[in-house]
Amino acid sequence: MYLFAIHFIFLLGAFISGLLIEWTAKYNPHNSYIIPLSIEIVLMLLIGFSPELFPDNSSAPLVISSVLLFAMGLQNALVTRVSQSVVRTTHLTGLFTDLGIELSLLFFQKQKEKRAQVNKSIFLKIMIIICFFSGGIIGALTYQHFQLKTLLIPACLLLFALWYDRLLAKYYHIKRKLR
């Protein structure tokens, strides 16, 4: 039953993310990612401060893992949808499979444009793999010192990304007006 619940919670996060993206895209397609990303940030902040929220509570590990699974589902669906299924963020087996296939394509791509496209895709996958392993190592090292407060780091990085994206959107809006 527990294994079913784990998968269901992840699925629920992906489902909610997909619903929110599709619903928001009807009204504001350029910002359809903001609501799921904001929910993810709030969940990470809640879990980051969870020792204060759940002092001496035996159900805390179950609640924490459930919330994190939900957030992973949100994140995976968000990135998959926004990247049009090019990027996956919660598993490596598919990335290594795709990387192996694309590396083999290099032996057969003679056209410069297609070869450049394959090289870009290979670079993207290698960067995701490097970031995945780096994040795991950094997360493990910081967890030793900060425990669940470690989640405040990615939450802050996502907040920065939202702010930067907003700033960039304003810049391009002003730039278009001046033309």
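Read-outs throughout are calculated quantities, based only on the coordinates presented, and are distinct from any laboratory measurement. From a predicted model like this one, the values you see are computed outputs, not experimental measurements. Counting neighbours? That spans all protein chains shown, and the Cβs are built from the backbone with ideal geometry, glycine included.
Charges at C-beta only: +1 for Lys and Arg, -1 for Asp and Glu. How large is the resulting dipole of the range 1-158 about its Cα centre, in Debye rounded to 20? Walk me through the numbers before you get to the answer.
Details: 10 positive and 7 negative charges, 154 e Å.
The dipole magnitude comes to about 740 debye.
Kirkwood hydrodynamic radius, the range 1-66, all distinct C-alpha pairs: what's the number in Å? Before the final figure, lay out the partial values.
Numbers: mean 1/r = 0.0737 Å⁻¹.
After inverting the pairwise mean of 1/r, the radius is 13.6 Å.
Angle of helix 152-178 to the longest C-alpha principal axis of the chain, folded into 0 to 90 degrees and rounded to 10: 40°.
With the simple model of a label 7 Å out from the Cα in the direction of the Cβ, residue 140 to residue 174 spans 4.5 nm.
Return a whole-number percent for the relative contact order of the range 60-179, with Cα pairs under 8 Å and 6 or more residues apart as the contact set. Numbers along the way, then the final one.
Numbers: 33 pairs, mean separation 15.2, N = 120.
It rounds to 13 percent for the range 60-179.
Using the alpha-carbon atoms, what tilt in degrees (0 to 90, nearest 10) does helix 34-48 show relative to the longest principal axis of the chain? Between the helix axis and the principal axis of the chain, the angle is about 40 degrees.
Basic side chains Lys and Arg get +1 at the Cβ, acidic Asp and Glu get -1 at the Cβ, and with that the dipole of the range 108-179 about its Cα centre reaches some 660 debye. Extension gain for the segment residue 147 to residue 84, taken as residue separation times 0.36 nm less the Cα-Cα distance, is 19.3 nm to one decimal. Checking every one of the chymotrypsin sites (Phe, Trp or Tyr not before Pro) in the range 1-98 against DSSP loop status and a limit of 15 other Cβ atoms within 10 Å picks out 49. Per residue, the chain reaches -27500 deg cm²/dmol at 222 nm when only DSSP H runs of four or more residues are counted, each adding -39500 (n - 2.57). Here the relative contact order of the range 1-105, from alpha carbon pairs under 8 Å that lie six or more residues apart, stands at 37 percent.
Any idea what the dipole of the range 72-117 comes to, in debye rounded to 20, about its Cα centre with Lys/Arg Cβ at +1 and Asp/Glu Cβ at -1?
Working: 6 positive and 3 negative charges, 35 e Å.
I would put it at about 160 debye.
Taking only the Cα atoms of the chain, the ratio Rg/Rh comes out at 1.03, with Rh defined as the Kirkwood radius. Go through the range 33-120 and name the trypsin sites (Lys or Arg not before Pro) that are in a DSSP coil and have 13 or fewer other Cβ atoms within 10 Å of their Cβ. Within the range 33-120, the qualifying trypsin sites (Lys or Arg not before Pro) (loop, at most 13 other Cβ atoms within 10 Å) are 110.
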